[in-house]
Amino acid sequence: MRPSLPALLLALSAAPAAAHEAPAGWSYDPWCCGGHDCQPISPEHVSITEDGFLVTLGEGEHMTARRDHERLFGFDDVRESQDHNYHACILPRTQEFRCLYVPPFGF
């Protein structure tokens, strides 16, 4: 017996979102990434301020950045990376700078 189209669509929509892996092999949070929009960034793009982590990326300095980005992430708004590098997640379609992963020493 073949499943009905509505049942099939419901099953597919209930599947968890797939995240992709960082180069070191750990997985980015699915909320942060749509499968290809997170990558390591150089520490030169990150300044630690009294209010959090200020990230400045120019157009093209991240694989999905089609414009300049500058965003302050509060200390409670970042995730810990598993490889001692900074990682940025920028959604390609909307250009939303969604997540920042910081090394353990950054906390």
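Rule-based calculations on the coordinates, nothing more; no lab input. Keep in mind that what you see is a predicted model, and the values were worked out from it rather than measured. Here Cβ is always computed from backbone atoms with ideal geometry, including for glycine, and neighbour counts include all displayed protein chains.
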Subtracting the Cα-Cα distance of Ser47 and Glu59 from 0.36 nm times their residue separation yields 2.5 nm
For region 47-54, Karplus-derived ³J(HN,Hα) couplings (6.51, -1.76, 1.60; θ = phi - 60°; whole Hz; x for glycine and proline) come out as 10, 8, 10, 5, 9, x, 9, 9
Filtering GluC sites (Glu not before Pro) in region 16-107 by DSSP loop and by at most 11 other Cβ atoms within 10 Å leaves Glu50, Glu59
Rounded to the nearest Å, the spacing of the alpha-carbon centers of region 18-58 and region 65-107 is 4 Å
Once amide hydrogens are built 1.01 Å from N within the peptide plane, the residues lying 5 or more places from Ala65 or on another chain with amide H under 5 Å from its amide H are Gly60
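Please give me the summed charge of the neighbours of Asp77: other residues whose Cβ is under 14 Å from its Cβ, Lys and Arg +1, Asp and Glu -1. Don't skip to the answer; put the middle values down first.
Values: positive: Arg71, Arg79, Arg98; negative: Asp29, Asp51, Asp76, Glu80, Glu96.
So the surrounding residues net to -2.
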